[in-house]
Amino acid sequence: MPWNGDQFDYTIAYINGILEFYHELFEAAFENPGNNAAILLYDLKRALTEIKPTPKQVEALLLRIHGLREWEIGRILNISREGSHYRLLGLIKKIQKKLNKNTY
């Protein structure tokens with residue numbers, strides 16, 4: 001279960017999935033504030049607050065949660081696809097470290 005840090009590990013792929021399906025999770029959390037979707041979004045929000053991402057990481061994150069792929073993010077930010085990949089990966093690794101370190 002995501003809210004028991006000692007029983008669950010947030011992987012890079014899992015966090016990327018949360019970002020990819022952010023809007024669907026948000027809708028599910030809005031409909032039922034006590035479900036797993038709400039808990040995942042709470043964990044993500046708390047981690048983002050505590051890790052203090054760079055402005056460039058926030059820029060890429062906002063585009064990612066709106067459903068854009070790395071190449072599209074790169075095009076909008078005038079960087080390569082690899083540049084957007086590493087920008088997002090750096091942020092996801094920070095989130096992963098924070099979530100796996102703390103039990104909320």
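The values are calculated or read from the model by the stated rules, or taken from the named source; none is laboratory data. Bear in mind the structure is a predicted one, so any value in this text is a computation, not a measurement. For neighbour counting, all protein chains shown are included, and Cβ atoms are generated from backbone atoms with ideal geometry for every residue, glycine included.
One residue stands out among those in segment 52-67 that are basic (Lys, Arg) and farther than 20 Å from Glu24 by Cα: the one that is modelled with the lowest pLDDT, which is Lys52.
Scanning segment 82-101 for residues that are among the basic types (Lys, Arg), surrounded by 14 or more Cβ atoms within 10 Å (Cβ to Cβ) and out of contact with any Pro (no Cβ under 8 Å at 6 or more places or on another chain) returns Arg87, Lys98.
Inside segment 21-45, can you point out the residues that are in contact (Cβ under 8 Å) with a residue 40 or more places away in the chain and loosely packed, with under 15 Cβ neighbours inside 10 Å? It would help to see each step written out before you state the result.
To start, the set of residues in segment 21-45 that are in contact (Cβ under 8 Å) with a residue 40 or more places away in the chain comprises 22-23, 42-44.
Correct list: His23 only.
When segment 4-20 is filtered for residues that are crowded, with 16+ Cβ neighbours inside 10 Å, more than 20 Å from Ile73 (Cβ to Cβ) and among the hydrophobic types (A, V, I, L, M, F, W, C), nothing remains.
Scanning segment 62-83 for residues that are touching a Lys or Arg at 6+ places or on another chain (Cβ under 9 Å) and closer than 16 Å to Ala13 by Cα gives Arg69, Glu70.
Filter segment 57-74 down to residues that are among the small types (Gly, Ala, Ser) and either surrounded by 16 or more Cβ atoms within 10 Å (Cβ to Cβ) or part of a helix (DSSP H, G or I) (or both), then give me how many there are. Before you say what the answer is, go through the steps one by one.
Kept after step one, since they are among the small types (Gly, Ala, Ser), are these residues of segment 57-74: 60, 67, 74.
Retained after the next criterion (residues that are either surrounded by 16 or more Cβ atoms within 10 Å (Cβ to Cβ) or part of a helix (DSSP H, G or I) (or both)): 60, 74.
Of the residues in that region, 2 qualify.
Would you point out the residue of segment 17-40, among those that are assigned to a helix (DSSP H, G or I) and not hydrophobic (A, V, I, L, M, F, W, C), that is nearest to Leu68 (Cα to Cα)? Walk me through how you get there before you give the answer.
We begin by selecting, within segment 17-40, every residue assigned to a helix (DSSP H, G or I); these are 17-20, 22-31, 36-40.
Now restrict to residues that are not hydrophobic (A, V, I, L, M, F, W, C): 17, 20, 22-24, 27, 31, 36.
Numbers: Gly17: 13, Glu20: 9, Tyr22: 12, His23: 12, Glu24: 15, Glu27: 18, Glu31: 25, Asn36: 24 Å.
Per the criteria, the residue is Glu20.
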